[in-house]
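Worksheet for the structure shown next.
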Amino acid sequence: MTVFSSADPSDTPTGSTGPDRRTVLRAGALAGAAVGTGAFAGRAATAGAATPPGEQARPAGADTVFLHGVASGDPMPDRVILWTRVTPSPDAVPGSGLGGDVVVDWEVSPDPTFATITHAGTVATDAGRDHTVKLDATGLAPDSWYHYRFRALGQTSPVGRTRTAPADGAMPATGRWRTGVVSCSNWEAGYFAGYRHLVQRGDLDVIIELGDYIYEYERGGYTAKFGAVRPHDPPHEIITLADYRTRLGQYRTDPDLQSLHAHVPWICTWDDHELANDAWEHGAENHQPHEGPWADRKAAGSQAYFEWMPIRPDSLRDGGFLYRRLRWGSLAELSMLDLRSYRTESPNRLDGRAIDQTGTMTGAEQFDWLARGLNSSTARWNVIGNSVMVAPVLIPPLDHRTMAAVTELLGVPREGITYNSDQWDGYAGERRRLFEVIRSTGNRNHVFLTGDIHSSWVNEVPFDPADYPGAGTGAVEFVTPSITSNNVDDILKLPEGNGLSVAAQAALQGANHHIRWVDLDRHGFTVVEFTRDYAHADYWALHDHTRADSGAYPMHSWRTPHGTDRVEPAGPLP
């Protein structure tokens with residue numbers, strides 16, 4: 001995939017007191033209510049696919065020097081980011097600040113045995129970067145699979161498997177782009193079995209990770225339905241640079257997370273919990289004055305994130321940007337958004353004038369960057385990596401004329417009253433401007449991939465939610481469920497598929513006809529495939545996210561034909 005570099009000034013960026021997520025989910029369920037069998041271990045690996053690296057024997061010594069595995073990310077036609085961390089001594093744990101300088105060799109080969117080394121180099125790391133290693137391996141062939149490994153202190157890392165994007169303007173050799181889509185993985189709430197099932201498929205090109213890769217809470221602060229499945233480290237809420245490094249290091253010891261990182265490249269953005277719940281530019285709901293200046297906490301969390309994630313931008317602290325644009329040949333152009341760093345504070349959901357007219361989700365520079373990209377794109381599909389839901393979810397369900405009268409009389413936004421102003425509903429004016437940009441392109445090929453809400457949704461995104469479908473739709477949206485983070489049944493401590501959740505699902509769809517399907521209770525992941533003719537989403541659920549050995553099973557499949565901005569039920573991908 002191509003990242004627009006700083007050499008292209010036209011595409012280079014230039015520059016709460018609301019309810020928490022648990023309250024929002026509970027309120028959504030209650031408001032909505034007011035108005036397969038047997039373990040399925042995942043799709044078998046496709047013929048000829050490499051053995052998943054996570055299932056290979058780890059080299060001798062890798063368990064002491066390369067404790068946190070290997071990873072790759074942000075693939076372009078001629079390069080990909082490679083990542084690892086070294087542990088130079090037993091006391092040099094993440095966040096400790098201990099341990100000396102280490103020289104690390106890296107190698108890239110088209111063959112998992114490394115009989116031929118096509119690219120190699122040496123880098124150095126130290127405690128100043130938490131002994132993480134991140135490099136851009138260049139000079140690679142487009143649309144190709146590679147294997148990579150690191151050597152340090154006499155030991156060899158596990159082998160990673162990665163790939164490059166097709167050449168700009170070229171269709172993928174396979175004729176498709178198949179992605180795993182994940183979000184919201186809370187260590188204390190369960191195990192990351194969903195990652196294992198994505199590895200076992202053996203047919204993915206990339207993972208798109210849409211935020212909440214870690215959670216900032218203290219031990220017991222945000223657990224599974226009946227308590228913590230495994231305890232957070234450090235035990236307190238994370239605030240300092242050392243804290244964030246320690247927490248990221250803990251998550252990266254999970255074997256299924258390591259395996260998926262080693263299996264395919266990831267394309268990541270953050271949501272709020274990489275810093276603190278309901279974060280915005282100058283604060284967060286889960287940040288208090290006694291915890292020090294928000295700017296210091298934001299800088300610490302951001303630094304640790306850029307150190308530990310296989311992403312090409314360097315650091316917000318150094319003037320970098322997390323939002324970026326990548327291409328998969330002529331098939332797809334992906335705009336990965338950063339919806340936390342520049343947003344204004346989420347308004348009160350009943351403050352209609354604030355929701356309708358003021359506030360920004362993206363910040364002015366990111367919005368202009370996104371608009372330019374959507375206007376200039378020649379890709380078959382325009383894909384937006386979007387950490388919070390863009391489709392409106394409205395209460396009450398009023399027709400177009402009635403909504404206009406209420407807007408004039410009470411100042412309620414014409415989109416309606418939202419149950420969650422932390423998502424795009426709280427910034428309806430900016431969303432309206434974004435969809436005017438989408439309308440002006442004349443393209444009917446926009447797909448939002450979304451996380452955050454700990455539930456599964458398939459939406460047609462209307463230009464005017466009070467006049468759907470009459471006013472038309474500008475995009476479709478596939479919202480992936482959480483890997484482990486609590487959804488409605490967990491919050492209410494009710495069984496999965498309980499009557500309240502089922503009633504809420506029906507009521508949400510009844511009040512919002514552009515919501516084609518919603519499931520509020522199941523954890524899992526999504527696989528999305530793009531071809532010339534369609535974008536297709538398979539939703540998968542876990543039997544029990546509190547078990548490391550959980551099986552998975554298919555929930556629903558949906559497809560949007562190219563040029564329609566509409567979705568329809570479909571059979572699963574082959």
What's the total number of residues in segment 453-510 that are closer than 26 Å to ARG196 by Cβ, at pLDDT 95 or above and not in a loop (DSSP other than H, G, I, E, B)?
5
State whether the residues of segment 421-441 include one that is modelled with pLDDT under 95 and at positive phi.
no
Within segment 170-191, the residues that are assigned to a loop (DSSP other than H, G, I, E, B) and crowded, with 24+ Cβ neighbours inside 10 Å are SER183, CYS184, SER185, ASN186, GLY190, TYR191
Exactly one of THR526, THR560, THR546 is farther than 21 Å from ARG201 by Cα, within 22 Å of the chain's Cα centre (by Cα) and open to solvent by less than 10 Å² (accessible area, probe 1.4 Å), and that residue is THR560
With respect to ALA537, is the statement that it is modelled with pLDDT of 95 or more, surrounded by fewer than 19 Cβ atoms within 10 Å (Cβ to Cβ) and of a type in the set (Gly, Ala, Ser) true?
no
Read through the list (1) in contact with a Pro (Cβ under 9 Å, 6 or more places away or on another chain); (2) closer than 26 Å to ARG161 by Cα, then give the number of the only condition that ALA242 fails.
(2)
Going by the structure shown, is HIS273 assigned to a helix (DSSP H, G or I) and of a type outside the set (Ser, Thr, Tyr)?
no
Would you check which residues across segment 309-338 are touching a helix residue (DSSP H, G or I) at 6+ places or on another chain (Cβ under 6 Å) and closer than 15 Å to HIS446 by Cβ and list them?
ARG325, SER335
Considering segment 199-232, residues that are within 15 Å of the chain's Cα centre (by Cα) and outside any loop (DSSP other than H, G, I, E, B), and then whichever is farthest from LEU275 (Cα to Cα), we arrive at VAL206
Count, please, the residues in segment 142-156 that happen to be more than 20 Å from ILE311 (Cα to Cα) and either open to solvent by less than 40 Å² (accessible area, probe 1.4 Å) or not in a loop (DSSP other than H, G, I, E, B) (or both).
4
Only one of PRO231, PRO235 that is of a type outside the set (Ser, Thr, Tyr), surrounded by fewer than 19 Cβ atoms within 10 Å (Cβ to Cβ) and in contact with a helix residue (DSSP H, G or I) (Cβ under 8 Å, 6 or more places away or on another chain):
PRO231
Residue pairs qualifying under the 7 Å Cβ cut-off, at least six apart or on distinct chains, with the first in segment 305-317 being at pLDDT below 75 and the second being in a loop (DSSP other than H, G, I, E, B) and not hydrophobic (A, V, I, L, M, F, W, C), are ASP314/GLY320; LEU316/SER341
Sole residue being under 30 Å from the mean Cα position of the chain (by Cα) and either over 18 Å from GLY69 (Cα atoms) or open to solvent by 60 Å² or more (accessible area, probe 1.4 Å) (or both), chosen from THR138, THR87, THR113:
THR138
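The values are calculated or read from the model by the stated rules, or taken from the named source; none is laboratory data. No experiment lies behind these values; they were computed from the predicted model shown. Here the Cβ is made from the backbone with ideal geometry for all residues, glycine too, and neighbour counts use every protein chain on show. Only protein heavy atoms, including side chains, enter the accessible area calculation; ligands, DNA and RNA are left aside. Shrake-Rupley method; radii C 1.70, N 1.55, O 1.52, S 1.80 Å.
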